[in-house]
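Novice: Got a structure for you, written out below as structure tokens; questions coming shortly.
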Amino acid sequence: MKVLLGIDDSKYAEDIVRAFASQFRPENTEVLVLHVLQPLGLMAPPEMAIGYAPELVDLKQPAHDLVERVAAQLRNAQFKATTAVEAGDVRECILDSAAEWHADLIVVGSHGVRGIQRFLLGSVAEFVARHAKCSVQIIRTPAGN
């Protein structure tokens, strides 16, 4: 089974990894650990190259460190794990990466945000669940990230 594990840099990432590792058998599971860096503005001015986001430069190395740390934990648990860091809209990058990699399942966390904050920020987990071409598992974490 090919599983895309979408992680963020919240304090709950470790909980999501532990929940994932406890639910799947390593010998039957290949994991792509994905972290998405979202630019401040999704539309670049016409004079800038598509994907140009100078505000993300300082975030790339910590993002790579994050996915490598998670992949190492999964490898220690005998999973076959690879990593990816993408830049763009988080929801779309997760869906595009899953389709490109031919994932059987997408696993993402949900921080339990409710009310106006959820309305304003949107819910990555909800969007992914509604639009994915494969199955989606949402791992709940406590609200208040």
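The values are calculated or read from the model by the stated rules, or taken from the named source; none is laboratory data. Note that the structure is predicted; figures quoted are calculated from it, not measured. Heads up, the Cβs are rebuilt from the backbone with ideal geometry, glycines too, and the neighbour counts pull from every protein chain shown.
Novice: Taking PHE79, is it of a type in the set (Phe, Trp, Tyr) and modelled with pLDDT of 90 or more? Write out each step before concluding.
Specialist: Values: of a type in the set (Phe, Trp, Tyr): yes; modelled with pLDDT of 90 or more: yes.
Considered against the rule, which asks whether it is of a type in the set (Phe, Trp, Tyr) and modelled with pLDDT of 90 or more, PHE79 comes out as yes.
Novice: Sticking with this structure for a sec: Go through (1) of a type outside the set (Ser, Thr, Tyr); (2) assigned to a loop (DSSP other than H, G, I, E, B); (3) modelled with pLDDT of 95 or more and name the single condition ALA71 misses.
Specialist: ALA71 satisfies every listed condition except (2).
Novice: Still on this structure: Does the stretch 95-114 include one or more residues that are more than 18 Å from ALA19 (Cα to Cα) and at pLDDT below 95?
Specialist: yes
Novice: Kindly establish whether ILE138 is under 16 Å from GLY6 (Cβ atoms), outside any helix (DSSP H, G or I) and at pLDDT below 95.
Specialist: yes
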